[in-house]
1. In the range 246-286, which residue that is in a helix (DSSP H, G or I) and of a type in the set (D, E, K, R) is nearest to E227 (Cα to Cα)?
2. Look through S343, S309 and report the one residue that is touching a strand residue (DSSP E or B) at 6+ places or on another chain (Cβ under 6 Å), among the hydroxyl-bearing types (S, T, Y) and either modelled with pLDDT under 95 or not assigned by TED's automatic domain parsing to the domain that holds G103 (or both).
3. Take G267 and decide whether it is assigned by TED's automatic domain parsing to the domain that holds V43, crowded, with 17+ Cβ neighbours inside 10 Å and free of Cβ contacts under 8 Å to residues at least 60 places away in the same chain.
4. Taking the residues in the range 102-136 that are assigned to a loop (DSSP other than H, G, I, E, B) and of a type in the set (A, V, I, L, M) as candidates, determine which candidate is farthest from D316 (Cα to Cα).
5. What number of residues within the range 166-202 are buried (at least 17 other Cβ atoms within 10 Å of the Cβ), assigned to a helix (DSSP H, G or I) and of a type outside the set (F, W, Y)?
6. Restricting attention to the range 203-216, does a residue exist that is under 25 Å from E227 (Cα atoms), small (G, A, S) and free of Cβ contacts under 8 Å to residues at least 12 places away in the same chain?
7. Does R374 meet the test of being outside any loop (DSSP other than H, G, I, E, B), at pLDDT 95 or above and among the charged types (D, E, K, R)?
8. If I go through the range 143-160 residue by residue, how many of them are surrounded by 12 or more Cβ atoms within 10 Å (Cβ to Cβ) and under 14 Å from W254 (Cα atoms)?
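The values are calculated or read from the model by the stated rules, or taken from the named source; none is laboratory data. This structure is a prediction, so every number in the text was calculated from the model and none was measured. Here Cβ is always computed from backbone atoms with ideal geometry, including for glycine, and neighbour counts include all displayed protein chains.
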Amino acid sequence: MLAVLTKGAEWPLPTVVKIQHMEMMKSRSTVQQLLFEGIREGVYPGAVLLVARKNEIAFFEKTGNRALLPTPFPMKKDTPFDLASLTKPLATTLSIMKLFDEGAVHPDQSLGDLLQISVPPDKAAITLRFLLNHCAGFPDWMPFYRELIREEPQKRKTLLRERLLEITLAYSPGKRAVYSDLGFIMLEWIIEKAAGISLPRFLDAHFLIPLSLDNGLFFDKIRQKREETEFAATENCPWRKRIIQGEVHDENAWTLGGYSGHAGLFGTADGVYGLANLLNEHFHGLRDDYFQPKTVRTFFEKQSLVSGSTWALGWDTPSPTGSSAGRHFSPDSVGHLGFTGTSLWMDLYRDVIVVFLTNRIHPSRQNTAIRAFRPRLHNLIMEQLGLNY
C-alpha cells in the first residue's frame, strides 16, 4: 500500500525534467487524416483533438459535426462535450486531492469516519483509498434512475445515498477491482461532508474560477448562457425519447439534478487541457500554488491493493496489453475514459498530454468502434512526436 507522505518529506523530481526537449510533431496532416478516417469509418460524427508537449500545443484541430440529428451542426474547437466519466478524475478526484492536501481527509480513513455516521458492518472496512481505487466492493452500475424518477427531485440524492448504504456489496472490500460509478457517487457525499459545500461549488471556488476555466469546464450549462445547439450531441435516448444535447447523458446523473460524483461535467478540449496541465506542472514540481507536488504524485501512483489492477487514486494507468493509450505511452502515464467518447491521457515521463473528445454515442451508444480507433490514434500521435520507443 502506498504510504502517504508527510509534510516536508522529500521526493526527487521525476526524470522527465532532465530529458532534452524533442522535436514537435513531424506531420500534422497525417494526424488530421486519421481524424477524417474516423468519420469515414463511422467511429464518431465529430471530434476535437488537442496534443501538447512540455507546455506547447503540438496539435489542436476539430473535424466533422457536433450534431447530426435533429439538425447537422459543424464541430468547433470550443464545442462543449459531455465529459461523462472524465468527471471522476477532473472533478471528484481533483476535489479529494485538494481536501487531502489541506488535511481534511486521509486516504485510509474509513467510510464511517469520513461521513461521521454509523455504517453497516459489510461497509465498515471501506476506505477513501478503496473508493478511489475501485476496489470498495460496490457493483459497477445500477439503474437507480428508474426508481428515483418517481421521487421529488430535492429528495433524490438523499434517498440514493441511503440506498448505497443498504445495497449488498458485490465482493469484500479490497479483494477485487471493479470499475464503479457507485463508489464515485459515494465520493461526492464525502466531499460535501468534508467541504460543507456542493461538488460544483467546491470545484468552482478552488479551481475553475481562479484558473479562469469556468467557461471551459462546468456542470450547469445555464450558468454559461450557451444554446443547446452549441453542445456536442449524444444519444437518441430511448428512455427520455429525444436527442440529448446540452444536458447530461448519464441517466442516474440526470435524475439527480444533472450531476453526481461519477458524471455531469461538461468541457471543451482546451478546458480539459487547462486542468490536465495544472496537474502536470505540479507533478513535475514546476508550481505548488494549488497543491503540494507530492500530493499529485501520491494520487498518480499506481496502487498495489489488488493484483493486476491498473488503478491509481482516481486515475487509471496503461494496461500492459490492449491499453486505450496505445503501445507507446510509458508506464508512468495516467488517464481516464468517458462513456460518451471522451478521453484524457498524460505521459508523465515524456510530458505529453492528449485530450481526445468525440460524440461517438450520437445517435446510438451501440457504436463501439472507438475502442479500436483510440489506441490507433495514440500510437500515431506518439510516432509523430518521435516518442515511439
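1. Checking each candidate, the answer is D270.
2. That would be S343, the only listed residue that is touching a strand residue (DSSP E or B) at 6+ places or on another chain (Cβ under 6 Å), among the hydroxyl-bearing types (S, T, Y) and either modelled with pLDDT under 95 or not assigned by TED's automatic domain parsing to the domain that holds G103 (or both).
3. no
4. I117
5. Selection size over the range 166-202: 14.
6. Within the range 203-216, one or more residues are under 25 Å from E227 (Cα atoms), small (G, A, S) and free of Cβ contacts under 8 Å to residues at least 12 places away in the same chain.
7. Working: outside any loop (DSSP other than H, G, I, E, B): yes; at pLDDT 95 or above: yes; among the charged types (D, E, K, R): yes.
Yes: the conditions hold for R374.
8. Residues in the range 143-160 being surrounded by 12 or more Cβ atoms within 10 Å (Cβ to Cβ) and under 14 Å from W254 (Cα atoms): 10 in total.
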